[in-house]
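All remarks here apply to the structure that follows.
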Amino acid sequence: MSHSPKYLSPISPGYSWYEDTVGERPEYPPLDGDVTADVVIIGGGFTGLSAAAHLARAGTSVVLIEEHRFGDGASGRNGGQMGTGQREWAEDTEAALGFTRAKALFDLAEEAKSHLLSFAQSNGIDIDFMPGQLSVAHKPRYVRHYREHAEVMATRYGYPHISFMDQKETAERLGSTHYYGGIRDTGTGHIHPLKLLVGTAEVAAAAGARLHEKTRANGITSQGGKVRVTTARGTIAASKALIAVNAYNEKLEPITSAHVMPIGSFIGATPPLGDDSPILPGFESVDDSRFVVRYFRRSKDGRLLFGGREIYAPGDPKDLHGPIRRQIVEVYPQLKDVELTHTWGGYVGITMPRTPFVREVMPNVISVGGYSGHGVMLSNFVGKLFAETVLGNRERLKLFEELKIPPFPGGTKLRTPLLFLALNWYALRDRF
């Protein structure tokens, strides 16, 4: 392991505030030669590194490869918000799957939240945890749903940490009159995601996992009880494999590509606003009710980190700064003259129903992705559940495997243009 200066990600635009504040970032050597292991993992994000850490600590031989640097994708560049439950509200999941399965999925997500915080604490990883999250309505007609949700969570799901906010309280907690009401969740919070990622990699390496950056998987096969992953500089042979590349699957594995699609999301950071700033005086994170969600928070050093701009087609936008500033000023007109110190983006994997894609795509090969914007909490835990599966207990991972995730329509050629049309239509609805 060696250390190198910070650099710009080759697959994600912009230079992030996370990269600027993570401190010294370990570098891991590329794979060099053929190797064997019990488990091979493709992808050095939250899911893959979490799985590697838990497997290595259990005495399992693990080799993990990542095409670029750990954290170059969504795991190191996201909004940092943990959330509560699954991506979809529990009552909506209940309407589709029934109470028993909805409650099991909610409880699993609550365990994921506890696991993330305890893993960081027990391993001495300073993740800049800040408590509290506000979910707010950008249209008056949505306010009733937030009030009902707070009641459902307390009475039906045994979660007492959510309270309803009227328009006045919402304005006070946000420092903005842009929204009409919402909920406050004191049972969750937000983190510095790249610090968690770097720390998880160090835990995995210390436990004996062999970690390799700048090592692209060119192909994967499973035959005769043996999985083989080919790279430019060697082949990895293993008994089991995890594909954990999320939005960056490209052509590696076709089933995953059909079910998980990339969406670009972009964030800007202001200078520290000062202790006397009325903006988010409680330092909570925020998400709103738009289909194209706007998500923002105060960092530990008092900056506003604001995300919301999305793109639904391949290629990076030429202007990161302008669109993000316009969205900030819509919510906080008083920041019209504030410059952004950092603007950056990355690609998140989504599925049609916004629930994670977990499937055995070939014998002894499980692919995971599509957290749909809820990956900070869930991805780390799904990595742990994969480790449990390898060690003989698949029951908890099955809760995700059994979710019905349809492929995106249109086949290989039309998937992306159809997604572009559909998501832009939903984005247009946000305005009316």
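The values are calculated or read from the model by the stated rules, or taken from the named source; none is laboratory data. It should be emphasised that the depicted structure is a prediction, and the values quoted were computed from it without experimental measurement. Cβ atoms come from the backbone with ideal geometry, glycine included; neighbour counts cover every protein chain shown.
What to note about this one:
- VAL368 being in a strand (DSSP E or B), at pLDDT below 95, among the hydrophobic types (A, V, I, L, M, F, W, C) and within 16 Å of PRO262 (Cα to Cα): no
- Strands (runs of 3 or more DSSP E) completely within the range 113-221 that count 3 or more residues being under 30 Å from GLY234 (Cβ atoms): 210-212
- Residue within the range 149-156 that is more than 25 Å from the chain's Cα centre (by Cα) and loosely packed, with under 14 Cβ neighbours inside 10 Å present: yes
- Any hit, the range 309-327, residues being touching a helix residue (DSSP H, G or I) at 6+ places or on another chain (Cβ under 9 Å), at pLDDT 85 or above and either of a type in the set (Asp, Glu) or closer than 14 Å to TYR179 by Cβ (or both): no
- All positions within the range 260-288 that are surrounded by fewer than 21 Cβ atoms within 10 Å (Cβ to Cβ) and among the polar types (S, T, N, Q): SER277
- Those residues of the range 351-381 which are surrounded by fewer than 24 Cβ atoms within 10 Å (Cβ to Cβ), hydrophobic (A, V, I, L, M, F, W, C) and under 28 Å from ILE324 (Cα atoms), in sequence order: MET352
- Scanning the range 72-108 for residues that are small (Gly, Ala, Ser) and crowded, with 21+ Cβ neighbours inside 10 Å returns GLY73, ALA74, SER75, GLY76, GLY79, GLY80, GLY83, GLY85, ALA90, ALA102.
- Looking at ASP107, ASP92, just one residue is among the acidic types (Asp, Glu) and either in a loop (DSSP other than H, G, I, E, B) or out of contact with any Phe, Trp or Tyr (no Cβ under 9 Å at 6 or more places or on another chain) (or both), and that residue is ASP92.
- A single entry from GLY71, GLY59 fulfils the requirement of being closer than 17 Å to LYS214 by Cβ, of a type in the set (Gly, Ala, Ser) and assigned by TED's automatic domain parsing to the domain that holds VAL198: GLY71.
- When the range 335-365 is limited to residues that are in contact with a helix residue (DSSP H, G or I) (Cβ under 7 Å, 6 or more places away or on another chain) and among the aromatic types (Phe, Trp, Tyr), the one that is modelled with the highest pLDDT turns out to be PHE357.
- Verdict on GLU91 being under 25 Å from ILE405 (Cβ atoms), out of contact with any Cys (no Cβ under 6 Å at 6 or more places or on another chain) and among the charged types (D, E, K, R): yes
- Among residues of the range 122-142, those that are over 20 Å from the mean Cα position of the chain (by Cα) and surrounded by fewer than 16 Cβ atoms within 10 Å (Cβ to Cβ), counted: 6
- Single unsatisfied condition, SER372 versus (1) out of contact with any Lys or Arg (no Cβ under 7 Å at 6 or more places or on another chain); (2) polar (S, T, N, Q); (3) on the phi > 0 side of the Ramachandran plot: (1)
- Residues in the range 13-72 that are among the β-branched types (Val, Ile, Thr) and assigned to a helix (DSSP H, G or I): THR21, THR47.
- Tally of residues being under 12 Å from ASP288 (Cα atoms), aliphatic (A, V, I, L, M) and either surrounded by fewer than 19 Cβ atoms within 10 Å (Cβ to Cβ) or outside the structural domain of HIS145 (by TED's automatic domain parsing) (or both) across the range 166-182: 0
- Cross-chain or 6+ apart pairs with Cβ under 9 Å, the range 27-39 first and farther than 21 Å from PRO363 by Cβ, then among the acidic types (Asp, Glu) and surrounded by 13 or more Cβ atoms within 10 Å (Cβ to Cβ): GLU27/GLU213; TYR28/GLU66; TYR28/GLU213; PRO29/GLU213; PRO30/GLU213
- All positions within the range 73-89 that are within 16 Å of TYR157 (Cα to Cα) and either part of a helix (DSSP H, G or I) or under 14 Å from the mean Cα position of the chain (by Cα) (or both): GLY83, THR84, GLY85, GLN86, ARG87
- Within the range 142-188, the residues that satisfy the criterion of being out of contact with any helix residue (DSSP H, G or I) (no Cβ under 7 Å at 6 or more places or on another chain) and among the aromatic types (Phe, Trp, Tyr) are TYR142, TYR146.
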